[in-house]
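A quick write-up on the structure given underneath.
All of the numbers you see were taken from the coordinates with simple rules; none came from a lab. Keep in mind it's a predicted model, so treat the numbers as computed, not measured. Cβ: placed from backbone, ideal geometry, glycine included. Neighbour counts: every protein chain shown.
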Amino acid sequence: MKQSKLFAKTLKNLPKDAVTISHQLLLRADFIDQLAAGVYTLLPLGFRVHKKIENIIREEMNSLGAQEFIMPTLIPKSLWTETGRWKTIDPPLFVVKDRHGKELGLGPTHEEVITDLIRRRINSYKDLPFSLYQIQNKFRNEMRATGGLLRVREFVMKDLYSFHTDAKDLAAFYKKVTQAYKNIYQRCGVESVMVEASSGSIGGNECHEFMVIADSGEDNILVCRECGWAGNVEVFDKQKDCPECKTNLETKKGIEAGHIFKLDDIYSHKMKANFVDQKGKAKPIMMGCYGIGVGRLMATVVESSNDKTGIIWPTSIAPFQVHLVSLKENLKADKIYQQLTKAGVEVLYDDRDISAGAKFAEADLIGIPYRLVVSQKTQNKIEFKPRGEKKAELLSLEQVLKKL
């Protein structure tokens, strides 16, 4: 992609009302554009990162044997009333009426829809277990949308749902999901802490959050430095010692980057989603649900990986692999751009007629993992510098490709 053609306009000054680092940097680097409070457009740079995170999540979900599908956003009131969540879910639903006066809720989560689907399709223990997931727009009627993509009213979420004959099978799958989640965060370049948490309006007997330690986090979590146990202060507000090893607990700030629930039979019981076991007895289907907000994870990565000049993207989810900068040597840079592209390298090529200082400042702000500079000074070589490092080296194209 030639930067002269890229739909992006970076900002020099801090955007008004942007408090968190990720909100500031994603706006300044033009990854996102704010339409309204908690409502954002993903611009081309942001869309590329978002899609890479989606694909990492998709690979890990597929590795569990889960099948991808997609459910409607508009959910009839009748389903919400079956579970009693029409007026109790927090935050409240966005409610719309159709032309016949019938009320529907915009889906913030899909337990009712998926339970209705399976109760009409699952009859026997032979149909279980299985799991389904979607990556889809969600709507949350937040009182106060803050922190850019960290707390929004419309966002894309991966929600996985699993279905089992008994609690033992659910627990085994839940354990596999926890490992898949750890893989996702590691592949996206952040360290996660699995925290015992409150199930809130989703419900269930057991749930965990995946927290990324960050000063800008909205959650306070208790962490044991000895055994690694962690809990949300909302649940363990008076806990001083680790329940596992009795070590004194430390309090840290964290960003919730995922939430998983053992729903057990809470939805299947209310909505009569049953199966017939081997003895011919009807039993409620045991369920689990597992969510990750994709945009929130993108913002969390920025919160964890930045410096005073801009974003530092991990290679796995960066919008491009390299940022090729031409300093009045476009003929030479054009050939390098073509060769890199032919070799399968994702390149953002700064071919614009602006100052070297402006180009370098934007490269640091955007945060692509490797900067390649072509100038008279580099002669027949390329200046190669990883983002976040001060030292650069002169390499041939072959050496650059080998490093990449």
- Task: Under a 10 Å cutoff between Cα atoms, tell me which one of PHE155, PHE69, PHE261 has the largest fluctuation in the Gaussian network model of the chain.
- Result: PHE69
- Once you treat every alpha carbon in the range 320-403 as an equal point and sum by Debye, what is log10 I(q)/I(0) at q = 0.20, 0.21 Å⁻¹? -0.86, -0.96
- Message: So for the range 105-179, averaging the separation of alpha carbon pairs under 8 Å that are six or more residues apart and normalising by length, what relative contact order in percent results?
- Response: 32
- Could you work out which residue, out of GLN67, GLN239, GLN134, moves most in a Gaussian network model of the chain, that is, has the largest mean-square fluctuation with Cα springs under 10 Å? GLN239
- Note on the structure: For THR315, placing the label point 7 angstrom along Cα-to-beta-carbon and taking the range 171-187, residues whose amide nitrogen sits under 20 Å are 183-187
- Query: If we count other beta carbons within 10 Å of each Cβ, what is the order of MET71, MET157, fewest first?
  - Reply: MET71, MET157
- Item | Within the range 115-143, backbone nitrogen closer than 20 Å to the virtual label 7 Å beyond the Cα of LYS272 toward Cβ | 115-125
- Taking the chain as a Gaussian network, where each spring joins two C-alpha atoms under 10 Å apart, which residue of ILE114, ILE366, ILE53 fluctuates the most? ILE114
- Message: If each residue of separation counts as 0.36 nm, what is the full-extension length gain between LYS279 and THR341 once their alpha-carbon separation is subtracted?
- Response: 16.2 nm
- Message: As an exercise, use a Förster radius of 41 Å and the Cβ-Cβ distance of LYS308 and ALA167 to find the FRET efficiency, rounded to the nearest 0.05.
- Response: 0.25
- Query: Can you give the convex hull volume of the alpha carbon atoms of the range 169-266 per residue, in Å³?
  - Reply: 107
- What net charge do the residues around ALA66 carry, taking every other residue with its C-beta under 13 Å from that of ALA66, with Lys and Arg at +1 and Asp and Glu at -1? -1
- Task: Find how much the distance from THR41 to ARG225 grows on full extension, using 0.36 nm per residue of separation minus their present alpha carbon separation; answer in nm with one decimal.
- Result: 62.3 nm
- Query: Once volume of the Cα convex hull per residue in Å³ is worked out from the coordinates, which option in (i) 174; (ii) 227; (iii) 149 does it equal?
  - Reply: (i)
- Could you calculate the contour length gain from GLU59 to ASN205, that is, 0.36 nm times the residue separation minus the distance between their Cα atoms, to one decimal place in nm? 49.7 nm
- Query: Between their Cα atoms, which of LYS2/LYS402; LYS77/LYS97; LYS51/LYS262; LYS97/LYS158; LYS335/LYS377; LYS51/LYS138 are more than 20 Å away from each other?
  - Reply: LYS2/LYS402; LYS51/LYS262; LYS97/LYS158
- Tally the DSSP beta bridges in the range 321-404 and give the antiparallel ones as a percent, rounded to 5. 45
- Restricting the count to DSSP beta bridges whose residues both fall in the chain, what percent are antiparallel, rounded to a multiple of 5? 85
- Task: Let me have the relative contact order for the range 21-307, percent, based on Cα pairs under 8 Å that are six or more residues apart.
- Result: 21
- Query: What translational D, rounded to a whole number of µm²/s, comes out for the range 1-72 from Stokes-Einstein when the hydrodynamic radius is the Kirkwood one over Cα pairs, at 37 °C and 0.692 mPa s?
  - Reply: 228
- Between LYS390 and ASN137, what is the label-to-label distance in nm when each label sits 7 Å out along the Cα-to-Cβ direction? 4.8
- If LEU365, LEU11 are placed from fewest to most neighbouring beta carbons inside 10 Å, the sequence is LEU11, LEU365
